[in-house]
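For reference, the structure discussed in these notes is given below.
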Amino acid sequence: MIKIDRTSLDQEVYDTLFEQSSLQEFRANEVVVEIGSMCNYLFFIEKGMLCNFYFDQKGNDITHWFACENMITTVPPSFFNLEPSIFGIEAVENTTA
C-alpha cells in the first residue's frame, strides 16, 4: 500500500493524478471488492479505513492489511494482471475514497 504526503506532490502532478477519479462512499462493513471478482480500481482514502482480507483453508477470515487516510489500496495481482482477486476489500468504518 502507498501513503501519500500531499505536501510533497507538485500541484500539477496531484491534479493529474486525481482528475480521472470519482468520489465513492462506503459504509462500515461494506464489501468494496469481493474475493474472486476483478479489482479494477486504486482507492485513495480521504476519510476512514479499508482492510484487505482473505479466507484461509479452514474458512477463517484473515486480515491482510489496513489502509487508512491518505493511503492508496488495491489488490495488486488483480489490478495489474487483470486476474480474479485473491483478496477482498472491506470498509472497517464509514469511508470516503
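Of note:
- In region 6-97, the chymotrypsin sites (Phe, Trp or Tyr not before Pro) that fall in loop regions by DSSP, at most 16 other Cβ within 10 Å: none
- By accessible area with a 1.4 Å probe, ligands and nucleic acids excluded, highest first: order of M71, M49: M49, M71
- Per atom type, the chain shows carbon and sulfur on 51% of its accessible surface, probed at 1.4 Å.
- Solvent-accessible heavy-atom area per residue, rounded to whole Å², over region 34-97 at 1.4 Å: 58 Å²
- Added length on full extension, which subtracts the Cα-Cα distance from 0.36 nm per residue, F80 to N94: 2.4 nm
- Stretch in the chain that is longest and holds no trypsin sites (Lys or Arg not before Pro) that DSSP places in a loop and that have at most 16 other beta carbons within 10 Å: 59-97
- Less than 5 angstrom separates the built amide H of W65 from those of N52, all sequence-distant by 5 or more or on a different chain.
- Hz values of 3J(HN,Hα) by residue in region 28-44 - Karplus curve (6.51, -1.76, 1.60), Gly and Pro given as x: 3, 6, 6, 7, 8, 10, 8, 4, x, 8, 7, 9, 9, 10, 9, 10, 8
- Modelled spin-label separation between K58 and E34, with each label point placed 7 Å from Cα along the Cα-to-Cβ direction: 2.7 nm.
- Using a probe of 1.4 Å on the protein chains alone, the accessible area found for D10 is around 90 Å².
- Our coupling estimate for region 65-73, obtained by passing each phi through the Karplus curve with A = 6.51, B = -1.76, C = 1.60 and θ = phi - 60°, is 7, 10, 10, 10, 3, 6, 10, 10, 9 Hz, Gly and Pro reported as x.
The values are calculated or read from the model by the stated rules, or taken from the named source; none is laboratory data. Given the structure is predicted, the values throughout are model-derived calculations rather than measurements. In this analysis, Cβ positions are derived from the backbone assuming ideal geometry, glycine residues included, and neighbour counts consider all displayed protein chains. Heavy atoms of the whole protein, side chains included, go into the accessibility calculation; ligands, DNA and RNA do not. Shrake-Rupley method; radii C 1.70, N 1.55, O 1.52, S 1.80 Å.
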